[in-house]
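Okay, structure first, notes after.
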Amino acid sequence: MRFVSFKQDERDSFGVVAEDGGIIDLAPRMADRGIQSLRHALAAGGLTDAAAAALGDPADFAEADIEFLPVIPGPSKIICVGLNFESHRLETGKPKADYPTLFVRYANTQVGHRQAIVKPLESDKFDYEGELAVVIGREGRRIPEASALDFVGGYSCYQDASVRDWQRHSPQFTPGKNFPDTGGFGPWLVTPDEVPPWDQMTLETRVNGTALQNGRLDDLTYGVADLIAYISKFTVLIPGDVIITGTPSGVGFARKPPIYLKDGDTVEVEIKGVGTLVNPVVAEALSA
């Protein structure tokens with residue numbers, strides 16, 4: 001199943017994608033339980049049952065009639081993993097680490113599918129990074145690696161765009177990863193039963209139609225189960241939390257000459273079996 005968070009007529013909601021591509025609104029169908037968001041539906045349970053019951057109904061909206069929101073608009077945590085493809089580590093010249101390199105994003109940095117990511121006024125070194133997003137479906141602490149995938153609610157695409165010069169102001173990545181509207185998240189959440197095996201999942205990032213990143217998801221240095229097990233040792237993972245798993249080689253700053261995003265560009269992140277996230281790029285405007 002594919003689940004979306006969306007806005008329609010100024011109302012935020014969530015739904016399931018019908019076979020014809022339309023959107024079935026699940027919020028009214030789960031309103032008797034007080035559930036009004038995908039994050040709350042994951043936490044409450046019964047999301048797939050409600051979706052299965054609704055899939056025989058006519059779609060409530062055409063895809064063209066909704067505004068996609070980030071898959072999880074307000075997660076409790078967005079934990080990102082740096083240098084998690086060996087090819088990307090090598091192109092950055094960073095030494096091998098004994099543990100995953102983690103940093104955080106804030107919820108207000110996210111935009112949805114087809115929404116613009118914003119190149120900030122402070123920099124011309126705005127870089128693309130296509131990544132796989134993992135959405136937690138069950139609460140857990142100290143989760144064993146052997147059962148970690150049972151805690152996954154689904155997968156999505158992420159554009160972890162980076163403001164490179166601000167990322168390098170200190171050893172911590174936080175400033176360069178948290179400018180508003182720089183993280184694309186979508187188009188939808190795909191349940192684990194519908195994604196292919198890891199060795200068949202490929203990730204490609206395109207800028208203006210040109211493929212600049214290619215990677216296979218079984219090439220992650222720390223796989224999804226490894227990350228969930230490690231992260232859940234120091235924090236409680238709850239439904240709707242997001243883990244961004246890392247980007248393959250081919251990022252803009254490592255190219256000769258470098259390629260940075262500019263106003264008018266379009267970035268696509270395509271993951272086989274998950275979907276294609278599309279975000280135009282706009283330059284931040286000066287305030288009047």
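The values are calculated or read from the model by the stated rules, or taken from the named source; none is laboratory data. In this text, all values refer to a predicted model and were calculated from it rather than measured experimentally. Virtual Cβ from ideal backbone geometry, glycine too; neighbours counted across all protein chains shown.
For region 163-202, how many residues are under 27 Å from residue 67 (Cβ atoms), touching a Ser or Thr at 6+ places or on another chain (Cβ under 8 Å) and in contact (Cβ under 8 Å) with a residue 60 or more places away in the chain?
14
Check 69, 38, 47, 26 and return the single one that is in contact with a Phe, Trp or Tyr (Cβ under 9 Å, 6 or more places away or on another chain), over 18 Å from residue 137 (Cα atoms) and among the hydrophobic types (A, V, I, L, M, F, W, C). Before the answer, list the steps.
Numbers: 38 fails: over 18 Å from residue 137 (Cα atoms); 47 fails: over 18 Å from residue 137 (Cα atoms); 26 fails: over 18 Å from residue 137 (Cα atoms).
The conditions single out 69.
When region 263-288 is examined, which residues are found to be at pLDDT below 95 and within 14 Å of the chain's Cα centre (by Cα)?
none
Residue under question is residue 148, and the condition is that it be modelled with pLDDT of 95 or more, assigned to a helix (DSSP H, G or I) and either out of contact with any His (no Cβ under 7 Å at 6 or more places or on another chain) or among the basic types (Lys, Arg) (or both); does it hold? I'd like the intermediate steps shown before the answer.
Working: modelled with pLDDT of 95 or more: yes; assigned to a helix (DSSP H, G or I): yes; either out of contact with any His (no Cβ under 7 Å at 6 or more places or on another chain) or among the basic types (Lys, Arg) (or both): yes.
Criteria met by residue 148.
Is one or more of the residues making up region 155-168 closer than 30 Å to residue 46 by Cβ, basic (Lys, Arg) and outside any strand (DSSP E or B)?
Initially, region 155-168 is screened for residues closer than 30 Å to residue 46 by Cβ, giving 155-158.
Next, only the ones that are basic (Lys, Arg) stay: none.
The answer is no, given that none of the residues of region 155-168 is closer than 30 Å to residue 46 by Cβ, basic (Lys, Arg) and outside any strand (DSSP E or B).
Looking at residue 207, is it closer than 24 Å to residue 102 by Cβ, in contact (Cβ under 8 Å) with a residue 60 or more places away in the chain, in contact with a Phe, Trp or Tyr (Cβ under 9 Å, 6 or more places away or on another chain) and among the aliphatic types (A, V, I, L, M)?
Numbers: closer than 24 Å to residue 102 by Cβ: no; in contact (Cβ under 8 Å) with a residue 60 or more places away in the chain: yes; in contact with a Phe, Trp or Tyr (Cβ under 9 Å, 6 or more places away or on another chain): yes; among the aliphatic types (A, V, I, L, M): yes.
Answer is no for this residue.
Looking at region 210-263, which of the residues that are of a type in the set (Gly, Ala, Ser) and part of a loop (DSSP other than H, G, I, E, B) is surrounded by the most Cβ atoms within 10 Å (Cβ to Cβ)?
Keep residues of region 210-263 that are of a type in the set (Gly, Ala, Ser), which gives 211, 215, 223, 225, 229, 232, 240, 246, 249-250, 252, 254.
Pick out the ones that are also part of a loop (DSSP other than H, G, I, E, B) and you get 223, 240, 246, 249-250.
Working: 223: 18, 240: 23, 246: 27, 249: 18, 250: 22.
Checking each candidate, the answer is 246.
Considering (1) more than 29 Å from residue 67 (Cα to Cα); (2) modelled with pLDDT of 95 or more; (3) not in a loop (DSSP other than H, G, I, E, B); (4) not hydroxyl-bearing (Ser, Thr, Tyr), say which one residue 143 fails and leave the rest.
In the conditions (1) more than 29 Å from residue 67 (Cα to Cα); (2) modelled with pLDDT of 95 or more; (3) not in a loop (DSSP other than H, G, I, E, B); (4) not hydroxyl-bearing (Ser, Thr, Tyr), residue 143 misses (3) alone.
Within region 197-209, identify whether any single residue is hydrophobic (A, V, I, L, M, F, W, C), over 27 Å from residue 38 (Cα atoms) and either modelled with pLDDT of 95 or more or not assigned by TED's automatic domain parsing to the domain that holds residue 247 (or both), and answer yes or no. Show your work before the answer.
Within region 197-209, the first condition is being hydrophobic (A, V, I, L, M, F, W, C), and the residues that meet it are 198, 201, 203, 207.
Cutting the leftovers down to over 27 Å from residue 38 (Cα atoms) gives us 207.
Subset that is either modelled with pLDDT of 95 or more or not assigned by TED's automatic domain parsing to the domain that holds residue 247 (or both): 207.
Yes, some residue in region 197-209 is hydrophobic (A, V, I, L, M, F, W, C), over 27 Å from residue 38 (Cα atoms) and either modelled with pLDDT of 95 or more or not assigned by TED's automatic domain parsing to the domain that holds residue 247 (or both).
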